[in-house]
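Beneath this line is the structure, given in structure tokens, with notes to follow.
The values are calculated or read from the model by the stated rules, or taken from the named source; none is laboratory data. Keep in mind the model is a prediction, meaning the values are calculated, not measured. Glycine also receives a Cβ, built like all others from the backbone with ideal geometry; neighbour counts cover every protein chain displayed.
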RNA sequence: GGAGAGGUGGCUGAGUGGUUGAAAGCGGCUCCCUGCUAAGGAGUUACAGGAGGUAACUUUUGUCGAGGGUUCGAAUCCCUCCCUCUCCGCCA
């Protein structure tokens, strides 16, 4: 969420900044609303002060004098009653205004960073670096051919259980999934991250706090009987973990690693990636998250990205890093580096991690602050996949495929998985 | 799910309509005493927001689980919700 005071004072620069996202943002009406709101706030505060003094006076009169002049008292009470009515009328106005402002302001995305490349869509994203050599072989098999062939998962039966875009992992497939989760969490834990295993169901306030609501209610599954949603990413519960807190600056940065299942409706992506492990309604992810001093989030962003990269390096999976352009940035992010892993069958790099600096955008929505020079200040939040498990499995299957139909397991994973190859049994 | 009890400042805990943002104790901070430590003494100490000031600060509002209501005035009375605890039921 953007700062209301900033909107009040700099309406044109707000519009200019947001327009870098490639859409026109008109905020003049929000600007007016916030000004009006301010006026009413001040007015209410003055009347409340009067009313408070009056009540004290009445209390004093009743307490001190034996012979109460009831006429005078009634007069004061009447005056108080009038004040009360005036105040409650203004408060009603204030409530309406608040709601209007909130409706608008919660739908505004974060400002893109000045450092983010300016562009319209993903075609304008900027390559930062590549790591490893993309595997080039004759007729590489897709990971779903390999996976279904080795009986690692079954998509047809999963449709029977649920619907399309769900997967059931079987035998070594399930074991590989667990191995990947453990491997990643262990690595990040050694790197100073504290492990969390958060709830998979989150309430509306948590989704609002991290930016998924109100705008993207279509993209999450909702439980119809409760104010609970299936969490689309661990970013949501982790942000919620510190909602309404003022965190001691000595504790910063707080770094969490969390494994969680993630649930997404994937509305609007009909027909895309219908096969395999790339785009599922339910997938596993290990997430990295920082709560950090607002003056240090730029460095933190580099660090969280390289922490995510270290997983792909250890697994020896070729990848590249892409600087997301202003038009392609996520709602809450001011700057994002995507990690994209090489998939030989698709003959392209696919997103496997997204590392974002949200600055104080989520912190303001969630009211998470720290003390700077004794003043309460919103801190900065950063998140990054470290990394998506299903897509990692896809990458291992495609990059590790051998001529004999087996798949080589990356060395670093062998202690977790228990053998060097996936083979038909 | 049923029945009951409860939610007050950093903590413990008083407070059932009035000058109460809240007694007392613990803790914290400052000073005094003391060679040091312990003990003792004096004072001080909630939080959040707004406005003004470069600032020390001044001023104002809100806050006793949350939100409504009654009242000139609510921690205190009424309603709704949330949470915690105990017992019963159910359950991994």
The lone exception for residue A:197 - which of (1) closer than 30 Å to residue A:314 by Cβ; (2) touching a strand residue (DSSP E or B) at 6+ places or on another chain (Cβ under 6 Å); (3) surrounded by fewer than 16 Cβ atoms within 10 Å (Cβ to Cβ) it fails: (2)
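At least 3 residues that are modelled with pLDDT under 90 and touching a helix residue (DSSP H, G or I) at 6+ places or on another chain (Cβ under 6 Å) in each: list the helices (runs of 4 or more DSSP H) lying fully within segment A:134-220 that qualify. So that I can check it myself, show each step before the final result.
Numbers: elements: A:143-149, A:155-161, A:172-190, A:204-210.
Result: empty, no element qualifies.
Being away from RNA strand B (no atom under 16 Å from the Cβ) and either outside the structural domain of residue A:380 (by TED's automatic domain parsing) or under 30 Å from residue A:214 (Cα atoms) (or both) narrows it down to one residue among A:90, A:108, A:180; which is it? Before you say what the answer is, go through the steps one by one.
Working: A:90 fails: away from RNA strand B (no atom under 16 Å from the Cβ); A:180 fails: either outside the structural domain of residue A:380 (by TED's automatic domain parsing) or under 30 Å from residue A:214 (Cα atoms) (or both).
Residue meeting the stated conditions: A:108.
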In segment A:33-75, residue nearest to residue A:11 (Cα to Cα) [restricted to those that are more than 54 Å from the chain's Cα centre (by Cα), more than 6 Å from RNA strand B (Cβ to nearest atom) and in a helix (DSSP H, G or I)]: A:75
Residues (crowded, with 21+ Cβ neighbours inside 10 Å and part of a helix (DSSP H, G or I)) located in segment A:222-260: A:235, A:236, A:237, A:238, A:239, A:240
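If you check A:354, A:385, which single one turns out to be surrounded by fewer than 24 Cβ atoms within 10 Å (Cβ to Cβ) and not in a loop (DSSP other than H, G, I, E, B)?
Details: A:385 fails: surrounded by fewer than 24 Cβ atoms within 10 Å (Cβ to Cβ).
Of A:354, A:385, the one residue that is surrounded by fewer than 24 Cβ atoms within 10 Å (Cβ to Cβ) and not in a loop (DSSP other than H, G, I, E, B) is A:354.
Within segment A:324-344, can you find the residues that are surrounded by fewer than 20 Cβ atoms within 10 Å (Cβ to Cβ) and either within 20 Å of residue A:190 (Cβ to Cβ) or in contact with a strand residue (DSSP E or B) (Cβ under 9 Å, 6 or more places away or on another chain) (or both)?
Of segment A:324-344, the ones surrounded by fewer than 20 Cβ atoms within 10 Å (Cβ to Cβ) are A:330-331.
Of everything in segment A:324-344, just one residue is surrounded by fewer than 20 Cβ atoms within 10 Å (Cβ to Cβ) and either within 20 Å of residue A:190 (Cβ to Cβ) or in contact with a strand residue (DSSP E or B) (Cβ under 9 Å, 6 or more places away or on another chain) (or both), namely A:330.
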Members of segment A:121-133 that are more than 22 Å from the chain's Cα centre (by Cα) and under 17 Å from residue A:22 (Cβ atoms): A:123, A:124, A:126
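Among the listed residues A:150, A:97, A:135, A:169, which satisfies the condition of being over 30 Å from residue A:391 (Cα atoms) and either within 16 Å of RNA strand B (Cβ to nearest atom) or not assigned by TED's automatic domain parsing to the domain that holds residue A:25 (or both)? Step through it out loud before you land on a result.
Numbers: A:150 fails: over 30 Å from residue A:391 (Cα atoms); A:135 fails: over 30 Å from residue A:391 (Cα atoms); A:169 fails: over 30 Å from residue A:391 (Cα atoms).
One residue alone meets the criteria, A:97.
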